[in-house]
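One structure is given here, and the rest of the page talks about it.
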Amino acid sequence: MNDLLGVVDWSRAQFAMTAMYHWLFVPLTIGLSLIVAIMESIYVRTGDERWKNITKFWMTLFGINFACGVATGIILEFEFGTNWSNYSWFVGDIFGAPLAIEGIVAFFMEATFVAVMFFGWKKVSRGFHLASTWLTAIGVSISALWILVANAWMQNPVGMTFDPAQMRNVMTDFWAVALNPVAVNKFFHAVFSGWNLAAAFVIAVSCWMLWRRRNVDMCRKSIIVASWVGLAGILLTCWTGHGSAVQVSRVQPMKLAAMEGLYNGGNGTDLVGVGILNSAASIAEGQDPMLFSIDIPKGLSLLVDGRADSYVPGINDLIAGRERDAEGNMTQTPSYEERMAIGREAREALAAYSAARAEGNQAAMDSAAAAVAERFRYFGYGYLETPADAIPPVPLTFYTFHIMVAGGGLLVLVFLVLIFICHRKPATLERGWLHWAGMLSLVLVYIVSQAGWIVAEVGRQPWVIQNLMPTNAAISDIPASSVQVTFWIFAAVFTGLLIAEISIMLRYIGSASKKDIELSNH
């Protein structure tokens, strides 16, 4: 049992580490491809060679980051087979199909047009090269789409049925999977957040050059483009973030309760603006979950469906089976204790199906299959030992969610101030305090980006597939020591890769800061 727990914990840690390293590169790739495309569009429209050279500068940084993102992404996908083989079998073609489409369509699209984008400046027309740059940007986003479709299915499994003969889920409706409302919101939220991060990256690098008093014209132009992209991105990120919260309230109410530190819900529930959680022991004794909080009256009810009096369940309500229906009213569903019993019955029925199949007893097979189908909705609860196992890590989910929201609000202010300065007070771009503020904005946006990913993934624990498969049922039958060894190997490799990327970027930016990019004709 201890080795099983070790395999689960180390496999989760390894996957979390890989995903977080990968997420350092992905949003920058998404956003920087758009900014590069916009800059090249300005060059083609104006014919100004300075914009061509500015485009080439940022395009090189995009290429460095793109290569590192591909390397970490490949390892991430391999881990499904090495560490999570039970999960890989259980999801069948549902999870594999989006990843296959991403590899065949999006990745090949990116690879084809990236080559033209980098090496076709003197070989193709301006229009064709610009089209290649835009198609690369579109391909990057399409790649993210199919990965997020796969991820969203894990959080809201739709368009499938369970086949006891194969012991796996089978896709019955491709479009239900592809157009999963969770996937749609996740996709746009991730893409728009990539715009924010890339905008902050361009601003930070430009501010560093301004601090060094190099490439002043290039930096001014780059900051203007990045600030507008960043403002559009952060406003759209806030909008899609609201949509994501609505979807979470419908399909993952426990995650929403953890995000808000909400233990006891009700009608007209307040939204925590700022808060400090009480200790787990104090909460268990019945004390107030919040040591301190500043709340928005009835804000959470308004957030989830626009009604100030709608019902929002807390953690204790959900465990007792009290949830909200489609109209925002409280409805009684099976408690978590009852769901665990139903899940165990589903597992027993599945075992009976296998035994009947081995005996060739068709009637018994049909009866067992019907019993599995009737109870399958709560199949995963049969693997839990107590209802508390279904509660995600509340403090981590709560604090990262509020860090994300607060950081996002601050980014709105950063981009607004920069746009005002660029258009009304351009002389302020020479001030040292602004240079440091611009450079620090990159740290802020990375914190916000990583916090958002933690909320999405930690908040859905313990589920690998919501309600159907917890982490302890999804792992491979391998020794914990093997996962520990690969964890540290990957940690070393990814850290080395990150150091290499930063080193190469800094060397390239440093060399560029010694010459006037906008005056060169390389």
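The values are calculated or read from the model by the stated rules, or taken from the named source; none is laboratory data. These figures come from a predicted structure and were not determined experimentally. So basically every Cβ, Gly included, is an ideal-geometry build from the backbone, and we count neighbours across all protein chains shown. Accessible surface areas use protein heavy atoms only, side chains included; no ligands, DNA or RNA. Shrake-Rupley method; radii C 1.70, N 1.55, O 1.52, S 1.80 Å.
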- [ ] Please check the chain for the longest run free of trypsin sites (Lys or Arg not before Pro) that are loop-located per DSSP (anything but H, G, I, E, B) and have at most 15 other Cβ atoms within 10 Å.
- [x] 308-430
- [ ] Give the range of the longest stretch in the chain that excludes all GluC sites (Glu not before Pro) found in loop regions by DSSP and having at most 12 other beta-carbon atoms within 10 Å.
- [x] 1-284
Task: Cα-centre dipole for the chain with unit charges at Cβ (Lys and Arg positive, Asp and Glu negative), debye to 20 - done: 2720
TODO: Please give the calculated 222 nm ellipticity per residue for the chain, where each DSSP H segment of at least 4 residues contributes -39500 (n - 2.57) and the sum is spread over every residue; nearest 500 deg cm²/dmol?
DONE: -24500 deg cm²/dmol
Task: Residue-count net charge about M290 - beta-carbon cut-off 13 Å; Lys, Arg +1, Asp, Glu -1 - done: -4
Task: Cα lying deepest toward the dipole's positive end in the chain, options A67, A352, F420, charges on Cβ - done: F420
- [ ] Express the accessible area of the range 388-431 per residue in Å², computed with a 1.4 Å probe while the remaining protein chains stay in the model.
- [x] 50
Open item on the list: With a 1.4 Å probe and all protein chains left in place, how much of the accessible area of the chain comes from carbon and sulfur atoms, in whole percent?
Closed with: 66
TODO: May I ask you to evaluate 6.51 cos²θ - 1.76 cosθ + 1.60, the Karplus curve with θ = phi - 60°, for each residue of the range 49-57 and list the ³J(HN,Hα) values in order in whole Hz, giving x for glycine and proline?
DONE: 4, 4, 5, 5, 6, 5, 4, 4, 4
Task: Whole-angstrom gap from the range 100-175 to the range 211-266, using each part's C-alpha centre - done: 23
Open item on the list: Relative contact order of the chain, please, whole-number percent, based on alpha carbon pairs below 8 angstrom and at least 6 residues apart.
Closed with: 21
Task: Percent RCO, i.e. relative contact order, over the range 259-331, from Cα pairs under 8 Å lying at least 6 residues apart - done: 35
